[in-house]
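Trainee: Let me begin by handing over the structure; questions about it come next.
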Amino acid sequence: MSDAPPLRPFVLEALRDLGASLSDGESLVWVQAPETVQRDLEVPANFALAFDAERSREFDAELVAPGSYFLERLVSVVVRRGRWDMSRCDVSGPEWISDALIECGLGPETAVTSRINGVEDELLLLFTFHVTLLSDEKRESFRLVAVSPDGSVWSVDLDRVELGLIPHPSPEIPSDLERAYLLATESLCVLTAGEVERFRTWSLGLLEEEVRRIFGYFDRTIDELRESDPSGSTDLIRTVMAERDRRLTEAVERFDPRASASLCSIRAILVPTARVQVEFPDGTRIESTLDAWSRRLRGLVCRICGSTAGPWRPSSRDGLRCVPCASKPAESARPRGRPRSDTPRRGRRAGEASARSPRGSKARSRGASSVRRRP
């Protein structure tokens, strides 16, 4: 058996969200359940969880496995709380495929041809995270990350979540939940890296200003004490310096940037997905998948930036590019040679002397290499 079963992260996060206290042992997880959890899950105040059937006999542990009574009760509770949900993307007819290809930028006018090799239902997992950036200021946001069975991961806009979705009657937990959860958390780190770094830079800038202000105030205070009483102000100066150190410690704690994310909900989305073979004008063929909910054509990569998001703009000369890269002006080609000058050439001896003297080029080389980027 795996040391990290697929259901483990979901179950532990769900129990913590319900208010239970957990203690992770070597083979069992010990749970202290509040009265609401005891009533809803039909468990005692203290019990053990086993994710391995061979361990479930120890200490009368509750077995957590697909189809187990405990897991079914837990899923029922979290569904009522809105933590776990299942929906189905409702589409009628195959027209959505051509519409989605047009949205992806691969309509008939692009000379791109496509062949549908089959359509079947696919289970996507949508993870909602609550992201908190905390310093002297608190910033909160929600990030949604979708994961497909083939391991594709992408960010989802909040205003597109409910498009075409209807409730599905039978919520079930997929066997690859742990893998999808790990992919979603890794993607969340990448998606928020820039925002976190900007928040960190902003917070440390405020900290620097606050430290400068504290030092300025207390340095002036100490100088005034020494001027007013050069011989008898030692104890008072020590007191002032202790207060200064206390203020500095408080400032560091207050402006120290921290980032955290917590899982709010998981939604399983049953969505029709087409296997599409896309052929570009240059003869290149790519096997991809297209789902009716996200309208995302998976399997394509921008030649410039490596993005997989789309929409796309194919070109027989430049290859497949995403629209942002295709919209950038092309870099102007560098001139191959130096343009002719209308200035008459100097005498041969002066030209030879200039060519033999490397001092100017060395000085320029040293000057350029000595430049250091300021932090």
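Trainee: Give the relative contact order (percent, whole number) for the stretch 19-168; include only Cα pairs under 8 Å separated by 6+ residues.
Mentor: 14
Trainee: Would you mind estimating how fast the stretch 55-123 diffuses translationally, via Stokes-Einstein at 20 °C and 1.002 mPa s with the Kirkwood radius over Cα pairs, in µm²/s?
Mentor: 128
Trainee: Now for a different question. What list of ³J(HN,Hα) couplings, whole Hz, do you get for the stretch 215-222 from phi and the Karplus terms 6.51, -1.76, 1.60, once you set θ to phi - 60° and write x for glycine and proline?
Mentor: 4, x, 5, 6, 5, 5, 4, 5
Trainee: Right, something else. In units of 2.2 N^0.38 Å, what is the alpha-carbon radius of gyration of the stretch 120-167? Can you show the working numbers first?
Mentor: Numbers: Rg = 14.0 Å, N = 48, 2.2 N^0.38 = 9.6 Å.
Working it through for the stretch 120-167, the quotient is 1.47.
Trainee: From the square roots a ≥ b ≥ c of the eigenvalues of the alpha-carbon gyration tensor of the stretch 124-243, which class results: rounded (a/c under 1.5), prolate (a/b over b/c), or oblate?
Mentor: The shape class here is prolate.
Trainee: How long is the stretch 20-173 along each principal axis, judged by its Cα atoms, biggest number first, in Å?
Mentor: 67, 48, 28
Trainee: Oh, and also: How much accessible surface area, in Å² rounded to 10, belongs to the heavy atoms of T110 with a 1.4 Å probe?
Mentor: 40
Trainee: Just report the Cα centroid separation between the stretch 148-165 and the stretch 105-125, whole Å.
Mentor: 17
Trainee: Where the centre of each part is set by its Cα atoms, how far does the stretch 168-225 sit from the stretch 274-321, in angstrom?
Mentor: Taking the Cα centre of each part, the stretch 168-225 and the stretch 274-321 sit 35 Å apart.
The values are calculated or read from the model by the stated rules, or taken from the named source; none is laboratory data. Given the structure is predicted, the values throughout are model-derived calculations rather than measurements. To get the accessible areas, we keep the full protein, side chains included, count just its heavy atoms, and leave off ligands, DNA and RNA. Shrake-Rupley method; radii C 1.70, N 1.55, O 1.52, S 1.80 Å.
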